[in-house]
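What follows is calculated from the coordinates using simple rules that are stated; it is not laboratory data. Predicted model, so just to flag it, every value in this text is computed and none were measured. Cβ: placed from backbone, ideal geometry, glycine included. Neighbour counts: every protein chain shown.
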Amino acid sequence: MPGQPSGARRPLDLRKRTRAGESIIQLLLKGAGAVSVLTTVGIVVVLVYDAFVFFRRPEPTFLEFFTGTTWQPQILRFGIFPLLNATLLTSVIGMTVALPIGLMIAIFLSEYASPRLRGILKPVLEVLAGIPTVVYGFFALGFMTPLLKNLFGKDTVEIFNVASAGIVIGILIIPLISSMSEDALSAVPRALREAAYGMGATRLETAVRVVLPAAISGIAAAVIVAMSRAVGETMVVAIAAGAGPRNFGDWGQATGGLNFLNPFKAAETMTGHIVRISGGDLSYDTIDYDSIFAIAFLLFIITLILNIISQWIVRRFREEY
């Protein structure tokens, strides 16, 4: 510029510049997000519509669907309790197996394992998560069921039973709990551990009484996500749990002797029932066909509630350091 001393710097141009590469990447990310949202909305719309078609029929009523204790479409009995009971029973058994083992693995990886050992064990756990669930199903049928028969007696344990399926589901979700819990434990500041050591606490006391409570929100979220995974598991229960609902007739018969809680008898879960009857033999727009979507919609509601609880726990008990 005229009159400007030689060697003076030009003012910086801070205006936003358009870069073709960044614009393309942003467009692709927005497109991927839009596809994800639209896919989720489409799934929900289909479930709601087809479930509405099912409940619009004169039988069963909405109340009969949720309170009935017999699922037998041939005589228009659509009580969801037998399928829901088997689903919750396998999930509880799976969580009983996976929760203590997963937490112990997470504590070991976070507090005891060296960086080199941690780098070896975590990928091994991820391999377990990558095994196809159909393999787990045949493992439950071919290994876990004979093992339970030897332990509890051949007359007590049926070939297809809830216990073997639940135990294998627990093995399946161990990597999920251990990985997410280990991430939550590792996020706890080192200063808390050093303060506990300075007060004379042992490594175990520090892990259980200091680090674990500090990471409780992340651990609780891991547990609920694992519960959602157990509820939605399909192939293990379809192969090992049984191919028919455990009907009870009426509530008096259902509660007699607490037979509906017996883990060593066969029972069909909601996901197992969907797999069994949706093999292509059902005609479109039949009541059996529509019942699949009613069951799927209930599964969706259960999973949604679990995820809402997970988000609430994270917000309620999250610690910021």
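Out of ILE177, ILE301, ILE105, any idea which swings most in a Gaussian network model of the chain, alpha carbons joined below 10 Å? Maximum among the listed residues: ILE301.
Mean silhouette area of the range 70-161, derived from the convex hull of its C-alpha atoms and averaged over all directions, reads 8.8 nm². State log₁₀ I(q)/I(0) for the range 158-242 at q = 0.11, 0.15, 0.16, 0.21 Å⁻¹ as given by the Debye formula over alpha-carbon point scatterers of equal weight, solvent excluded. Values, matching the q order: -0.44, -0.64, -0.69, -0.90.
Footprinting exposure proxy ranking of MET199, MET95, MET270, fewest other C-beta atoms within 10 angstrom first, gives MET199, MET95, MET270. Of the residues LEU298, ILE101, ALA184, the one whose Cα sits farthest toward the positive end of the charge dipole of the chain, with +1 on the Cβ of Lys and Arg and -1 on the Cβ of Asp and Glu, is ALA184.
Using a Gaussian network model of the chain in which every pair of alpha carbons under 10 angstrom is joined by a spring, one finds that among ILE287, ILE159, ILE43 the greatest mean-square fluctuation is at ILE43.
If the chain were replaced by its equivalent ellipsoid, with semi-axes equal to the square roots of 5 times the Cα gyration tensor eigenvalues, what would those be, largest first, whole Å? If you can, show how the numbers build up before the last one.
On the way: eigenvalues 430, 204, 64 Å².
Over the Cα atoms of the chain, the semi-axes work out to 46, 32, 18 Å.
For the pair THR40 and THR202 in one chain, pulling the backbone fully straight at 0.36 nm per residue adds 53.5 nm over the alpha carbon distance. Which of LEU63, LEU38, LEU47 ends up with the largest GNM mean-square fluctuation for the chain, with Cα atoms connected below 10 Å? Checking each option, the largest mean-square fluctuation is seen for LEU38. Please identify the longest segment of the chain free of exposed trypsin sites (Lys or Arg not before Pro), where exposed means a DSSP state other than H, G, I, E or B and no more than 12 other Cβ atoms within 10 Å. No qualifying site falls inside 155-317, the longest such stretch. Once you keep just the Cα pairs under 8 angstrom separated by 6 or more residues, what percentage relative contact order results for the range 62-317? Here the relative contact order equals 28 percent. Counted without the sites themselves, the longest stretch of the chain free of GluC sites (Glu not before Pro) in a DSSP loop having at most 15 other beta carbon atoms within 10 Å is 1-318.
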